[in-house]
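Inspection log for the structure reproduced underneath, given as structure tokens.
The values are calculated or read from the model by the stated rules, or taken from the named source; none is laboratory data. Because the structure is a prediction, the values reported are computed rather than measured. Cβ sites come from the backbone with ideal geometry, for glycine too, and all protein chains shown count toward neighbours.
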Amino acid sequence: MRIFRDWRALPAEARGATVALGNLDGVHLGHAQVVRAAHAARPDAPLAALTFEPHPRELFRPDDPPFRLTLSAERADALARLGVQTVFELPFDREFSLMTAEAFVAEVLHGGFGVAHLACGPDFAFGHRRGGDVAFLAARAEALGIGLSVVPPLSDEAGPLSSTRIRRALQDGYPDRANAALGRAWAIRGIVAHGDKRGRTIGFPTANIALGRHLEPARGVYAVTVTLPDGRVVKGVANIGRRPTVNEGPESRLEVNLFDFDADLYGQELSVALHAFLRGERRFGGLDELRAQIGADAVEARSILK
């Protein structure tokens, strides 16, 4: 996959693509439908996605709690699995936020990327103060000879599928519901950092990963799988929270115990996928009680992940 972060001076081979538009946070099944529509409209053209980094909400509401389902690398990998060859990941800063909807279509989509076709959902909005909507895009695209597919929202028995709905499912402790909407297990990707190594003293060494800009799901214990840098996938059990029994900290973090695995992971990037919520976070009477509960959690996680 190629990732471009500027629409100016683009190489010729990156122009003329059919492009899925949107923030694409999570790259869920609804987003996949937009990508497939882009490809179906122009199967002869390279398949691309255009998105923004950071998410516009991070610029306009910087004091909001972290809410991202996928950061840049995880999103790019998810798009690659859908067959996307090129990602246009435009830096969303204050200057870019002032660009008018007309300039975005004329200078970025047409002049910069030379797009052959566009696909988006019916609620796609763009330009300064969201001045451009799908009706505006359709009119300007037609005038410029650009095709446009407006893809209806994907719905199921619970209603329209959206990133907001997936966030709510994770925060309520239902990773299975989130995963069904995503079409894959939701994962937190990050670098393993040094912790207090207390897990080793009770027989359950853990890899510690900061949540960073990821959404914080329900605090508690999960059955997980961990993708290592070399592509291997290892099963495990993870805790997300503030560890009230041993050393409650100001920020939640992810601690994962990898089953039947013993290697130094410090400084390496792991992707930890959540499959099932086992129990909420709680304070125990001491380390012996905590050790016994983690042992029970590990047994339950192994059973679920068989």
Search result, residues across segment 70-98 that are within 22 Å of Arg15 (Cα to Cα), without any contact (Cβ under 8 Å) to a residue 60 or more places away in the chain and either touching a helix residue (DSSP H, G or I) at 6+ places or on another chain (Cβ under 8 Å) or in the same structural domain as Pro217 (by TED's automatic domain parsing) (or both):
Leu82, Gly83, Phe92
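Looking at segment 1-52 only, could you name the residues that are in a loop (DSSP other than H, G, I, E, B), farther than 13 Å from Phe113 by Cβ and either within 19 Å of the chain's Cα centre (by Cα) or without any contact (Cβ under 8 Å) to a residue 60 or more places away in the chain (or both)? Even if it seems obvious, please write down each step before you answer.
Step one: of segment 1-52, the residues in a loop (DSSP other than H, G, I, E, B) are 1, 5-11, 15-17, 22-28, 42-46.
Filter once more, keeping what is farther than 13 Å from Phe113 by Cβ: 1, 22-28, 42-44.
Correct list: Met1, Gly22, Asn23, Leu24, Asp25, Gly26, Val27, His28, Pro43, Asp44.
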For Val84, the lone unmet condition from (1) modelled with pLDDT under 95; (2) in contact with a strand residue (DSSP E or B) (Cβ under 9 Å, 6 or more places away or on another chain); (3) not hydroxyl-bearing (Ser, Thr, Tyr) is (1)
So, in segment 262-292, exactly how many residues are farther than 15 Å from Lys235 by Cβ, in contact with an Asp or Glu (Cβ under 9 Å, 6 or more places away or on another chain) and without any contact (Cβ under 8 Å) to a residue 60 or more places away in the chain?
2
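Ser149: within 14 Å of Gln33 (Cα to Cα) and modelled with pLDDT under 95, yes or no?
No, not satisfied.
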Considering segment 99-119 alone, what residues qualify as being of a type in the set (Gly, Ala, Ser) and under 14 Å from Ala14 (Cβ atoms)?
Gly111, Gly112, Gly114, Ala116
If a residue must be surrounded by 14 or more Cβ atoms within 10 Å (Cβ to Cβ) and small (Gly, Ala, Ser), how many such residues does segment 297-306 contain?
2
Hey, can you tell me all the residues within segment 156-166 that are crowded, with 19+ Cβ neighbours inside 10 Å, outside any loop (DSSP other than H, G, I, E, B) and among the small types (Gly, Ala, Ser)?
Ser163
Residues in segment 53-69 that are surrounded by 12 or more Cβ atoms within 10 Å (Cβ to Cβ) and either of a type in the set (Phe, Trp, Tyr) or not in a loop (DSSP other than H, G, I, E, B) (or both) total 7
